[in-house]
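Engineer: Below is a structure I'd like to ask you about.
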Amino acid sequence: MGKIVIVAYRPLPGKAKELEKVIESHIPVLKREGLVTEREPVVMKSDDGCFIEIFEWKSAIAMEKAHQNKAVLELWDRFRKVCEYEKPVNIKEFSQLFSEFEPVN
């Protein structure tokens, strides 16, 4: 059974455009490695510039395998250079009953 996740990326100062490019490459890498489903991801942005991505891992096992996958580890290193991960609870839009975001994809 798949696992849908919500990930929030807060760009480092001056790195928003670079982060957006890394996000664009995220799912294609995970698909090539056979770790995510064919469900299309949703990428959006909060008012304060935080990017939010929603996607589906194939399983909890696929999530574990990602932590030993060279291509995924290289991708995650690219993320670390351009952003910090943020807890969704810290994004003000999620405090609303109907959370609204700017679409990115």
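The values are calculated or read from the model by the stated rules, or taken from the named source; none is laboratory data. These figures come from a predicted structure and were not determined experimentally. Methodologically, a virtual Cβ is constructed for each residue, glycine included, from the backbone with ideal geometry; neighbour enumeration extends over all protein chains shown. Only protein heavy atoms, including side chains, enter the accessible area calculation; ligands, DNA and RNA are left aside. Shrake-Rupley method; radii C 1.70, N 1.55, O 1.52, S 1.80 Å.
Okay, residues lined up against (1) closer than 25 Å to S99 by Cα; (2) aliphatic (A, V, I, L, M):
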residue	(1), (2)
I6	yes, yes
P11	yes, no
F51	yes, no
D77	no, no
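Engineer: Restricting the search to region 19-40, which residues are surrounded by 19 or more Cβ atoms within 10 Å (Cβ to Cβ) and either farther than 16 Å from R78 by Cβ or at pLDDT below 95 (or both)?
Structural biologist: Listed by number, the residues that qualify are L35, V36.
Engineer: With the requirement that a residue be closer than 21 Å to A71 by Cβ and assigned to a loop (DSSP other than H, G, I, E, B), what does region 1-39 give you? Let's see the steps before the verdict.
Structural biologist: Our first condition is that a residue be closer than 21 Å to A71 by Cβ; within region 1-39, this holds for 2-3, 5, 7, 9, 18-39.
Residues satisfying the conditions are G2, E33, G34, L35, T37, E38, R39.
Engineer: Moving to a separate point now. Could you tell me which numbered condition K65 fails, if it satisfies all but one of (1) part of a strand (DSSP E or B); (2) open to solvent by 40 Å² or more (accessible area, probe 1.4 Å); (3) not small (G, A, S)?
Structural biologist: Unmet for K65, out of (1) part of a strand (DSSP E or B); (2) open to solvent by 40 Å² or more (accessible area, probe 1.4 Å); (3) not small (G, A, S): (1).
Engineer: Of the numbered conditions (1) in contact (Cβ under 8 Å) with a residue 12 or more places away in the chain; (2) open to solvent by 60 Å² or more (accessible area, probe 1.4 Å), P88 fails exactly one; give the number of that condition.
Structural biologist: (2)
Engineer: Which condition does E53 not pass, out of (1) part of a helix (DSSP H, G or I); (2) free of Cβ contacts under 8 Å to residues at least 60 places away in the same chain; (3) open to solvent by less than 20 Å² (accessible area, probe 1.4 Å), if it passes all the others?
Structural biologist: Every condition holds for E53 apart from (1).
Engineer: Right, here's the next one. Considering E74, E93, which residue is acidic (D, E), at pLDDT 95 or above, assigned to a helix (DSSP H, G or I) and surrounded by 12 or more Cβ atoms within 10 Å (Cβ to Cβ)? Don't jump to the end; show me each part of the working.
Structural biologist: Numbers: E74 fails: surrounded by 12 or more Cβ atoms within 10 Å (Cβ to Cβ).
Of E74, E93, the one residue that is acidic (D, E), at pLDDT 95 or above, assigned to a helix (DSSP H, G or I) and surrounded by 12 or more Cβ atoms within 10 Å (Cβ to Cβ) is E93.
Engineer: A follow-up question, please. What are the residues in region 50-105 that are farther than 19 Å from P28 by Cβ and of a type in the set (S, T, N, Q), if any?
Structural biologist: Hits for region 50-105 are S59, Q68, N90, S95, Q96, S99.
Engineer: Report yes if M1 is open to solvent by 30 Å² or more (accessible area, probe 1.4 Å), in contact (Cβ under 8 Å) with a residue 40 or more places away in the chain and not hydroxyl-bearing (S, T, Y), otherwise no. Lay out the reasoning, then the answer.
Structural biologist: Values: open to solvent by 30 Å² or more (accessible area, probe 1.4 Å): yes; in contact (Cβ under 8 Å) with a residue 40 or more places away in the chain: yes; not hydroxyl-bearing (S, T, Y): yes.
When the stated conditions are applied, M1 passes them.
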